[in-house]
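Peer 1: One structure, as C-alpha coordinates, below. Some questions next.
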Amino acid sequence: MLGKYLSVIMIGCLSFATYAKTESLDRVVAFVNDTVITQSELDSNIKAAKQQLTMEHKPIPDNATLRKQALDRIVYDSLVLQIAKRNKMEITKEELDQALLNMAKSNHMDLDQMKFTLQNQGTTFDAFSKRIQKQMLIQRIQQQALASKINVTDAEIDTYIKSETNKKLGSGEYHLIHMVVPIPEGATSTQIAAAKARANAVHKKIASGESFEKLATASSNGADALTGGDLGWRKAGEIPSVFSKALASMKVGDMSKPLQAPNGFHILKLVEAKNDSTKLSRQDVKNQLSRRKFDESLEVWLKQLRDQSFVKITL
(Lines give C-alpha, C1' and ligand atoms only; values in the text may rest on other atoms or scores of the structure.)
Protein backbone atom coordinates (compact mmCIF):
# COMPACT_ATOMS: atom_id res chain seq x y z
CA MET A 1 0.00 0.00 0.00
CA LEU A 2 1.25 3.50 -0.75
CA GLY A 3 2.19 5.67 2.19
CA LYS A 4 -0.04 8.07 4.08
CA TYR A 5 1.04 11.03 1.95
CA LEU A 6 -0.13 9.38 -1.23
CA SER A 7 -3.31 8.21 0.46
CA VAL A 8 -4.19 11.79 1.38
CA ILE A 9 -3.49 12.97 -2.16
CA MET A 10 -5.75 10.26 -3.54
CA ILE A 11 -8.70 11.22 -1.40
CA GLY A 12 -8.11 14.82 -2.36
CA CYS A 13 -8.42 13.81 -5.99
CA LEU A 14 -11.63 11.86 -5.75
CA SER A 15 -13.92 14.37 -7.34
CA PHE A 16 -13.65 16.56 -10.37
CA ALA A 17 -16.56 17.79 -12.46
CA THR A 18 -16.14 16.98 -16.12
CA TYR A 19 -16.67 19.33 -19.01
CA ALA A 20 -17.83 16.59 -21.36
CA LYS A 21 -21.42 16.51 -22.60
CA THR A 22 -23.79 14.53 -20.43
CA GLU A 23 -25.00 11.24 -21.79
CA SER A 24 -28.72 11.34 -22.48
CA LEU A 25 -29.52 8.60 -19.97
CA ASP A 26 -27.36 10.04 -17.15
CA ARG A 27 -29.37 12.10 -14.68
CA VAL A 28 -28.11 15.59 -13.82
CA VAL A 29 -27.79 16.04 -10.05
CA ALA A 30 -26.38 19.58 -10.00
CA PHE A 31 -25.65 22.61 -12.14
CA VAL A 32 -22.48 24.59 -11.35
CA ASN A 33 -22.53 27.69 -13.56
CA ASP A 34 -22.19 26.22 -17.07
CA THR A 35 -21.08 22.78 -15.87
CA VAL A 36 -23.31 19.83 -14.99
CA ILE A 37 -22.67 17.11 -12.43
CA THR A 38 -24.19 13.75 -13.28
CA GLN A 39 -25.49 10.89 -11.17
CA SER A 40 -22.83 8.53 -12.52
CA GLU A 41 -20.10 10.99 -11.54
CA LEU A 42 -21.55 11.33 -8.06
CA ASP A 43 -21.94 7.56 -7.69
CA SER A 44 -18.33 7.06 -8.76
CA ASN A 45 -17.11 9.53 -6.14
CA ILE A 46 -19.26 7.99 -3.41
CA LYS A 47 -17.83 4.56 -4.21
CA ALA A 48 -14.28 5.90 -4.17
CA ALA A 49 -14.91 7.71 -0.88
CA LYS A 50 -16.18 4.52 0.75
CA GLN A 51 -13.11 2.63 -0.45
CA GLN A 52 -10.81 5.35 0.86
CA LEU A 53 -12.50 5.58 4.25
CA THR A 54 -12.39 1.79 4.56
CA MET A 55 -8.69 1.73 3.66
CA GLU A 56 -7.97 4.37 6.32
CA HIS A 57 -10.14 2.52 8.90
CA LYS A 58 -12.50 5.46 9.26
CA PRO A 59 -16.24 5.07 9.87
CA ILE A 60 -18.46 5.51 6.83
CA PRO A 61 -21.34 7.99 7.29
CA ASP A 62 -24.90 7.09 6.39
CA ASN A 63 -25.72 7.25 2.67
CA ALA A 64 -27.45 10.64 2.78
CA THR A 65 -24.54 12.29 4.61
CA LEU A 66 -21.91 10.73 2.36
CA ARG A 67 -23.86 11.76 -0.75
CA LYS A 68 -23.96 15.37 0.44
CA GLN A 69 -20.26 15.35 1.33
CA ALA A 70 -19.26 13.93 -2.06
CA LEU A 71 -21.47 16.36 -3.97
CA ASP A 72 -20.14 19.35 -2.00
CA ARG A 73 -16.60 18.30 -2.86
CA ILE A 74 -17.38 18.03 -6.58
CA VAL A 75 -19.06 21.45 -6.54
CA TYR A 76 -16.10 23.18 -4.91
CA ASP A 77 -13.59 21.50 -7.22
CA SER A 78 -15.68 22.37 -10.25
CA LEU A 79 -15.82 26.05 -9.28
CA VAL A 80 -12.04 26.26 -8.94
CA LEU A 81 -11.42 24.35 -12.17
CA GLN A 82 -13.73 26.75 -14.01
CA ILE A 83 -11.40 29.59 -13.00
CA ALA A 84 -8.50 27.66 -14.51
CA LYS A 85 -10.44 27.06 -17.70
CA ARG A 86 -11.39 30.75 -18.09
CA ASN A 87 -7.77 31.80 -17.59
CA LYS A 88 -6.39 29.00 -19.79
CA MET A 89 -4.21 27.73 -16.97
CA GLU A 90 -2.77 24.24 -16.94
CA ILE A 91 -0.17 21.99 -15.36
CA THR A 92 2.53 21.09 -17.88
CA LYS A 93 3.66 17.54 -18.54
CA GLU A 94 7.07 18.39 -17.09
CA GLU A 95 5.52 19.68 -13.86
CA LEU A 96 3.32 16.60 -13.56
CA ASP A 97 6.18 14.19 -14.25
CA GLN A 98 8.30 15.83 -11.56
CA ALA A 99 5.43 15.73 -9.05
CA LEU A 100 4.83 12.03 -9.70
CA LEU A 101 8.54 11.28 -9.37
CA ASN A 102 8.69 13.17 -6.06
CA MET A 103 5.62 11.31 -4.85
CA ALA A 104 7.19 7.96 -5.68
CA LYS A 105 10.43 8.92 -3.90
CA SER A 106 8.56 10.10 -0.81
CA ASN A 107 7.03 6.60 -0.62
CA HIS A 108 10.45 4.95 -1.16
CA MET A 109 9.54 3.72 -4.64
CA ASP A 110 10.49 4.29 -8.24
CA LEU A 111 7.80 5.00 -10.84
CA ASP A 112 7.48 1.35 -11.90
CA GLN A 113 6.89 0.28 -8.31
CA MET A 114 4.30 3.01 -7.85
CA LYS A 115 2.50 1.93 -11.03
CA PHE A 116 2.44 -1.67 -9.78
CA THR A 117 1.12 -0.60 -6.37
CA LEU A 118 -1.63 1.50 -7.92
CA GLN A 119 -2.67 -1.40 -10.17
CA ASN A 120 -2.96 -3.64 -7.11
CA GLN A 121 -5.25 -1.03 -5.57
CA GLY A 122 -7.44 -1.04 -8.68
CA THR A 123 -6.25 2.31 -10.11
CA THR A 124 -4.44 2.77 -13.41
CA PHE A 125 -1.38 5.01 -13.45
CA ASP A 126 -2.91 7.10 -16.24
CA ALA A 127 -6.09 7.76 -14.26
CA PHE A 128 -4.09 8.55 -11.14
CA SER A 129 -1.84 10.96 -13.08
CA LYS A 130 -4.85 12.86 -14.41
CA ARG A 131 -6.26 13.19 -10.90
CA ILE A 132 -2.95 14.50 -9.58
CA GLN A 133 -2.71 16.97 -12.47
CA LYS A 134 -6.16 18.35 -11.67
CA GLN A 135 -5.39 18.54 -7.96
CA MET A 136 -2.18 20.44 -8.71
CA LEU A 137 -4.16 22.87 -10.85
CA ILE A 138 -6.70 23.42 -8.08
CA GLN A 139 -3.91 24.11 -5.59
CA ARG A 140 -2.25 26.57 -7.98
CA ILE A 141 -5.48 28.53 -8.45
CA GLN A 142 -6.01 28.64 -4.70
CA GLN A 143 -2.46 29.84 -4.07
CA GLN A 144 -2.76 32.61 -6.64
CA ALA A 145 -6.16 33.73 -5.39
CA LEU A 146 -5.00 34.01 -1.79
CA ALA A 147 -1.35 35.08 -2.15
CA SER A 148 -2.08 38.77 -1.52
CA LYS A 149 -4.07 37.92 1.63
CA ILE A 150 -1.29 35.99 3.35
CA ASN A 151 0.92 38.47 5.18
CA VAL A 152 2.59 37.73 8.52
CA THR A 153 4.00 40.77 10.30
CA ASP A 154 7.01 40.96 12.63
CA ALA A 155 4.63 41.90 15.44
CA GLU A 156 2.61 38.71 14.88
CA ILE A 157 5.79 36.63 14.94
CA ASP A 158 6.91 38.30 18.19
CA THR A 159 3.51 37.76 19.79
CA TYR A 160 3.48 34.07 18.89
CA ILE A 161 7.04 33.47 20.11
CA LYS A 162 6.11 34.99 23.51
CA SER A 163 2.77 33.13 23.72
CA GLU A 164 1.95 30.38 26.20
CA THR A 165 0.94 28.21 23.25
CA ASN A 166 4.47 28.34 21.85
CA LYS A 167 6.00 27.70 25.27
CA LYS A 168 3.82 24.60 25.83
CA LEU A 169 3.62 23.16 22.30
CA GLY A 170 6.93 24.33 20.84
CA SER A 171 8.02 22.74 17.57
CA GLY A 172 6.10 19.51 18.04
CA GLU A 173 3.55 18.13 15.58
CA TYR A 174 0.00 17.15 16.41
CA HIS A 175 -2.53 14.90 14.68
CA LEU A 176 -6.06 16.18 15.30
CA ILE A 177 -9.55 15.20 14.29
CA HIS A 178 -12.51 17.48 14.89
CA MET A 179 -16.21 17.91 14.44
CA VAL A 180 -18.22 21.08 14.16
CA VAL A 181 -21.74 22.16 14.97
CA PRO A 182 -22.14 25.00 12.45
CA ILE A 183 -23.36 28.52 13.16
CA PRO A 184 -25.14 30.21 10.23
CA GLU A 185 -23.65 33.42 8.89
CA GLY A 186 -25.12 36.43 10.66
CA ALA A 187 -26.55 34.17 13.37
CA THR A 188 -28.71 35.61 16.14
CA SER A 189 -27.88 35.09 19.80
CA THR A 190 -30.67 32.49 19.91
CA GLN A 191 -29.14 30.54 17.01
CA ILE A 192 -25.70 30.67 18.63
CA ALA A 193 -27.14 29.42 21.91
CA ALA A 194 -28.92 26.58 20.10
CA ALA A 195 -25.69 25.55 18.32
CA LYS A 196 -23.83 25.60 21.63
CA ALA A 197 -26.50 23.39 23.21
CA ARG A 198 -26.20 20.89 20.34
CA ALA A 199 -22.40 20.88 20.68
CA ASN A 200 -22.67 20.24 24.40
CA ALA A 201 -25.08 17.37 23.72
CA VAL A 202 -22.63 15.82 21.25
CA HIS A 203 -19.81 16.25 23.75
CA LYS A 204 -21.89 14.46 26.37
CA LYS A 205 -22.60 11.57 23.97
CA ILE A 206 -18.88 11.06 23.35
CA ALA A 207 -18.09 11.30 27.04
CA SER A 208 -20.71 8.57 27.57
CA GLY A 209 -18.96 6.24 25.13
CA GLU A 210 -20.07 7.07 21.58
CA SER A 211 -17.35 7.03 18.92
CA PHE A 212 -15.73 10.42 18.34
CA GLU A 213 -14.47 9.24 14.95
CA LYS A 214 -17.94 8.17 13.79
CA LEU A 215 -19.52 11.47 14.79
CA ALA A 216 -16.63 13.44 13.28
CA THR A 217 -17.01 11.64 9.94
CA ALA A 218 -20.74 12.31 9.89
CA SER A 219 -20.27 16.00 10.71
CA SER A 220 -17.64 16.72 8.03
CA ASN A 221 -18.97 19.12 5.40
CA GLY A 222 -18.16 21.70 2.73
CA ALA A 223 -14.85 21.82 0.90
CA ASP A 224 -13.23 19.52 3.48
CA ALA A 225 -15.83 16.78 3.13
CA LEU A 226 -14.62 13.20 2.76
CA THR A 227 -11.74 13.67 5.21
CA GLY A 228 -13.83 12.52 8.15
CA GLY A 229 -12.91 15.55 10.22
CA ASP A 230 -9.23 14.61 10.00
CA LEU A 231 -6.99 17.69 10.18
CA GLY A 232 -3.88 15.56 9.71
CA TRP A 233 -0.50 16.41 11.21
CA ARG A 234 0.00 20.10 11.98
CA LYS A 235 2.66 22.15 13.71
CA ALA A 236 1.32 24.27 16.55
CA GLY A 237 1.57 27.57 14.68
CA GLU A 238 -0.44 26.16 11.78
CA ILE A 239 -3.40 25.28 13.97
CA PRO A 240 -6.11 27.94 14.42
CA SER A 241 -5.45 29.84 17.64
CA VAL A 242 -8.80 28.85 19.16
CA PHE A 243 -7.69 25.20 18.75
CA SER A 244 -4.06 25.57 19.80
CA LYS A 245 -4.97 27.19 23.12
CA ALA A 246 -7.08 24.15 24.00
CA LEU A 247 -4.46 21.78 22.61
CA ALA A 248 -1.84 23.16 24.99
CA SER A 249 -3.58 21.44 27.92
CA MET A 250 -4.50 18.19 26.13
CA LYS A 251 -2.85 14.77 26.17
CA VAL A 252 -3.05 12.09 23.47
CA GLY A 253 -6.57 10.68 23.47
CA ASP A 254 -8.08 13.74 25.13
CA MET A 255 -11.14 15.54 23.81
CA SER A 256 -11.67 19.28 24.13
CA LYS A 257 -14.79 21.02 25.31
CA PRO A 258 -16.80 22.73 22.53
CA LEU A 259 -14.72 25.66 21.22
CA GLN A 260 -16.48 28.60 19.62
CA ALA A 261 -15.13 29.81 16.27
CA PRO A 262 -16.78 32.12 13.69
CA ASN A 263 -18.22 29.17 11.75
CA GLY A 264 -19.42 27.05 14.67
CA PHE A 265 -18.59 25.09 17.83
CA HIS A 266 -15.70 22.68 17.34
CA ILE A 267 -14.75 19.65 19.39
CA LEU A 268 -11.17 18.37 19.04
CA LYS A 269 -9.51 15.06 19.74
CA LEU A 270 -5.73 14.70 19.93
CA VAL A 271 -4.93 11.44 18.15
CA GLU A 272 -1.11 11.50 18.19
CA ALA A 273 1.70 13.87 19.08
CA LYS A 274 5.37 14.15 18.16
CA ASN A 275 7.17 16.14 20.82
CA ASP A 276 10.16 18.22 19.79
CA SER A 277 12.16 20.51 22.07
CA THR A 278 13.88 22.31 19.19
CA LYS A 279 13.50 26.07 19.47
CA LEU A 280 11.55 27.62 16.61
CA SER A 281 13.31 30.18 14.44
CA ARG A 282 11.51 33.32 13.33
CA GLN A 283 11.27 31.84 9.84
CA ASP A 284 9.71 28.66 11.23
CA VAL A 285 7.08 30.73 13.03
CA LYS A 286 6.42 32.82 9.93
CA ASN A 287 5.93 29.69 7.81
CA GLN A 288 3.52 28.17 10.33
CA LEU A 289 1.47 31.32 10.73
CA SER A 290 1.33 31.66 6.94
CA ARG A 291 -0.10 28.16 6.69
CA ARG A 292 -2.69 29.01 9.34
CA LYS A 293 -3.74 32.18 7.53
CA PHE A 294 -3.92 30.34 4.21
CA ASP A 295 -6.24 27.65 5.59
CA GLU A 296 -8.49 30.25 7.22
CA SER A 297 -8.58 32.41 4.07
CA LEU A 298 -9.23 29.39 1.85
CA GLU A 299 -12.38 28.46 3.77
CA VAL A 300 -13.74 32.00 3.40
CA TRP A 301 -12.74 32.25 -0.29
CA LEU A 302 -14.40 28.98 -1.25
CA LYS A 303 -17.61 29.96 0.50
CA GLN A 304 -17.61 33.33 -1.29
CA LEU A 305 -16.91 31.62 -4.59
CA ARG A 306 -19.91 29.36 -4.14
CA ASP A 307 -22.15 32.20 -2.96
CA GLN A 308 -21.27 34.26 -6.05
CA SER A 309 -21.89 31.37 -8.47
CA PHE A 310 -24.96 29.65 -9.85
CA VAL A 311 -25.19 26.34 -8.00
CA LYS A 312 -28.42 24.35 -8.21
CA ILE A 313 -28.73 20.91 -6.64
CA THR A 314 -31.43 18.78 -8.28
CA LEU A 315 -31.31 15.71 -6.03
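The values are calculated or read from the model by the stated rules, or taken from the named source; none is laboratory data. Computed from a predicted model, the values in this text were never measured in an experiment. Every residue, glycine among them, receives a Cβ derived from its backbone with ideal geometry; neighbour counts consider all protein chains shown. For accessibility, only protein heavy atoms count, side chains too; no ligands or nucleic acids. Shrake-Rupley method; radii C 1.70, N 1.55, O 1.52, S 1.80 Å.
Peer 1: Binned at 20 Å from 0, what are the whole-percent values of the Cα-Cα distance distribution for the chain, short to long?
Peer 2: Calculated over all Cα pairs of the chain, the distribution is 28, 61, 11, 0 percent.
Peer 1: Contact order normalised by length for the chain, with contacts defined as Cα pairs under 8 Å and 6 or more residues apart; what percent is it? Intermediate results must be reported in sequence, preceding the final value.
Peer 2: Working: 414 pairs, mean separation 77.8, N = 315.
RCO, the chain: 25 percent.
Peer 1: Further question: How large is the helix-only mean residue ellipticity at 222 nm for the chain, computed as the sum of -39500 (n - 2.57) over DSSP H runs with n ≥ 4, divided by its residue count, in deg cm²/dmol to the nearest 500?
Peer 2: Calculated at 222 nm, the ellipticity per residue is -17500 deg cm²/dmol.
Peer 1: Note down the net charge around E213, summing +1 for each Lys or Arg and -1 for each Asp or Glu among other residues with Cβ under 11 Å from its Cβ. Please report the intermediate quantities before stating the final value.
Peer 2: On the way: positive: K58, K214, K269; negative: E56, E210, D230.
After counting each charged neighbour, the total is 0.
Peer 1: Same structure, new question: How far apart, in nanometres, would the label points at S277 and I83 be if each is projected 7 angstrom from Cα along the Cα-to-Cβ direction?
Peer 2: Modelled inter-label distance: 4.4 nm.
Peer 1: Across the Cα atoms of the range 23-64, what radius of gyration and what greatest pairwise Cα-Cα distance (Dmax) are found, in Å?
Peer 2: For the range 23-64, the Cα radius of gyration and maximum Cα-Cα distance read 13.0, 38 Å.
Peer 1: On to the next question. With all protein chains present, how much of the accessible area of the chain (probe radius 1.4 Å) comes from carbon and sulfur, to the nearest whole percent? Could you put the intermediate results ahead of the total?
Peer 2: On the way: 8990 of 17260 Å².
About 52 percent, which is the carbon plus sulfur part of the accessible surface.
Peer 1: I've got another one for you. Provide the FRET efficiency to the nearest 0.05 for the T314-E185 pair, computing r from the beta carbons and using R0 = 35 Å.
Peer 2: Values: r = 24 Å, r/R0 = 0.69.
So, using R0 = 35 Å, E works out to roughly 0.90.
Peer 1: In addition: Counting only heavy atoms of protein chains, what accessible area per residue, in Å², does the chain have with a probe of 1.4 Å?
Peer 2: Numbers: 17260 Å² over 315 residues.
So the chain comes to 55 Å² accessible per residue, rounded to a whole number.
Peer 1: What is the Cα centroid distance between the range 86-103 and the range 123-158, reported in whole angstrom?
Peer 2: 12 Å
Peer 1: Right, another one. Gain in length, I150 to T65, computed as 0.36 nm per residue apart minus the alpha-carbon separation, to one decimal in nm?
Peer 2: Values: separation 85, 0.36 × 85 = 30.60 nm, distance 3.32 nm.
Once the chain is fully extended between I150 and T65, it gains 27.3 nm.
Peer 1: So if we plug the beta-carbon distance of Q98 and N120 into 1/(1 + (r/R0)^6) with R0 = 25 Å, what FRET efficiency do we get, rounded to 0.05? Please report the intermediate quantities before stating the final value.
Peer 2: Numbers: r = 24 Å, r/R0 = 0.98.
Computed FRET efficiency for Q98 and N120: 0.55.
Peer 1: Under a crude label model (7 Å from the Cα following the beta-carbon direction), how far is A194 from H175 in nanometres?
Peer 2: In this crude label model, A194 to H175 measures out at 3.8 nm.
Peer 1: Does the range 158-273 come out rounded, prolate or oblate by the C-alpha gyration tensor, with a ≥ b ≥ c the root eigenvalues, rounded set by a/c under 1.5 and, if not, prolate when a/b is larger than b/c and oblate if not?
Peer 2: Because a/c hits 1.5 or more and a/b exceeds b/c, the range 158-273 counts as prolate.
Peer 1: Over the Cα atoms of the range 84-145, compute the convex hull volume and normalise it per residue, giving Å³. Each step should come with its number before you reach the end.
Peer 2: Working: hull volume 5.5 nm³, N = 62.
It is 89 Å³ per residue.
Peer 1: Once both labels are modelled 7 Å past Cα along the beta-carbon direction, what's the W233-K130 spacing in nm?
Peer 2: Spacing of the two 7 Å Cα→Cβ label points: 3.2 nm.
Peer 1: Report the one residue of I91, L79, L101 whose Cα lies farthest in the direction of the positive end of the charge dipole of the range 61-112 (charges on C-beta: Lys and Arg +1, Asp and Glu -1; origin at the Cα centre).
Peer 2: L79
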